[in-house]
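The values are calculated or read from the model by the stated rules, or taken from the named source; none is laboratory data. All values derive from a computational prediction rather than experimental measurement. Cβ placement follows ideal geometry from the backbone for every residue including glycine, while neighbour counts extend to all protein chains displayed. When the accessible area is computed, the model is the full protein with side chains, heavy atoms only, and any ligands, DNA or RNA have been set aside. Shrake-Rupley method; radii C 1.70, N 1.55, O 1.52, S 1.80 Å.
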Amino acid sequence: MNQNKALWEKGDFTRIAESMRESGEALVMTLGITDGLDVLDLGCGDGTTAVPAAQLGANVLGVDIASNLVDAGNARAHSLGLTNCRFQEGDASDLSDIDEDSFDLVVSIFGAMFAPRPFDVAKEMVRVTRPGGRIVMGNWIPNDPTLVAQILKISASYSPPPPEGFVSPMTWGVEDNVIERFMAAGVLEEKISFEKATYTFDFASPPSRLVAAFRAYYGPTMNAFDAATANGRDAELHGELDALFNNQNTSPSEDSTSIPATFLRVSVAV
Ligand SMILES: C[S@@+](CC[C@H](N)C(=O)[O-])C[C@H]1O[C@@H](n2cnc3c(N)ncnc32)[C@H](O)[C@@H]1O
């Protein structure tokens, strides 16, 4: 059983991704997409960034480990009439069915950071990028006070310790780790740059409803609730998350949610 795959197939990330569409589109607008650009979206989910990239004229391949999300992405592309956007199952740690130098741009927004074996992930991203091409990652930052870093931190505190040798996905939000991984893949340090950016979760219901969506559909939170329930601590976990979401909500309306979250944007020139 591949635990990484099971984690993301357990829920239905499309239900969370619905709150991320606007920021996904805004981010894609900053990627310099031109007609015919070959783009790989790694850990693409149901296409929050793959779809708008294709709508700007890129030829997009979305790769994700979760078969339900691959199906959802293909269904979205089909319903939008996008013939230049397809999704297939794959593991960011091992893209062996993709030829080297295949893409002008490899993008991974909160996707490849969740794959095991981060050095292999960096190596694979560099391998499939053409010389002169680019890699752009969006990674959550450990101990950041904003939403997702805090959800993952709270969830981890209710979950059993990870197996021996597990490398936290959050290490992709640490510049020194990112530099080390890409340099091991043959990239010069001066070709790697960083900036902090913001992704906003917009939801047409109050924050407590978004907590319920994370509890029902977001694999890491689902696992945390399973562990908390087994220990009789599910109400405590729910209370912590509910306070977090409500405190971070910036929407002026009581009926909707708007929560900005900070991430590390990594750019690599290959
Ligand atoms: C937080 S979601 C982000 C999805 C999408 N990039 C977005 O912005 O909506 C993380 C995604 O990474 C995928 N993922 C996790 N581990 C992966 C791996 N080893 N290889 C490929 N995708 C992976 C999950 O299935 C999930 O779709």
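Please go through segment 16-27 and give me each residue that is more than 14 Å from the chain's Cα centre (by Cα) and of a type in the set (A, V, I, L, M), ordered by number.
Ala26
Answer with yes or no whether Thr221 is open to solvent by less than 60 Å² (accessible area, probe 1.4 Å), polar (S, T, N, Q) and under 22 Å from Ala26 (Cβ atoms).
no
Please return the ranges of strands (runs of 3 or more DSSP E) entirely within segment 1-111 where 3 or more residues are open to solvent by 20 Å² or more (accessible area, probe 1.4 Å) and within 9 Å of the ligand (Cβ to nearest atom).
On the way: elements: 38-42, 59-64, 85-89, 103-109.
Result: empty, no element qualifies.
What are the residues in segment 201-224 that are in contact (Cβ under 8 Å) with a residue 40 or more places away in the chain and among the hydrophobic types (A, V, I, L, M, F, W, C), if any?
Residues satisfying the conditions are Phe201, Phe203, Ala204, Leu210, Ala213, Phe214, Ala216, Met222, Ala224.
Pairs, please: C-beta under 9 Å, at least 6 apart or cross-chain, first residue over 19 Å from Val121 (Cβ atoms) and in segment 36-65, second part of a strand (DSSP E or B) and of a type in the set (S, T, N, Q)?
Gly36/Asn59; Leu37/Asn59; Asp38/Asn59
For (1) crowded, with 18+ Cβ neighbours inside 10 Å; (2) closer than 23 Å to Asn249 by Cβ; (3) not β-branched (Val, Ile, Thr), each residue gets a yes or a no:
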{"position": "Lys153", "(1), (2), (3)": "no, yes, yes"}
{"position": "Arg181", "(1), (2), (3)": "yes, no, yes"}
{"position": "Thr198", "(1), (2), (3)": "no, yes, no"}
{"position": "Ala212", "(1), (2), (3)": "no, yes, yes"}
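Could you please let me know if Ala216 is modelled with pLDDT of 95 or more, over 24 Å from Ser168 (Cα atoms) and away from the ligand (no atom under 14 Å from the Cβ)?
Judged against the criteria, Ala216 is not a match.
Quick one: would you say Gly138 is outside any helix (DSSP H, G or I), surrounded by 21 or more Cβ atoms within 10 Å (Cβ to Cβ) and over 17 Å from the mean Cα position of the chain (by Cα)?
Criteria not met by Gly138.
If I ask for residues that are part of a strand (DSSP E or B) and either open to solvent by less than 10 Å² (accessible area, probe 1.4 Å) or of a type in the set (Val, Ile, Thr) (or both), which ones from segment 122-135 would you list? Spell out the reasoning first.
So the first thing to find is which residues in segment 122-135 are part of a strand (DSSP E or B), and the list is 129-135.
Thr129, Gly133, Ile135, listed by residue number.
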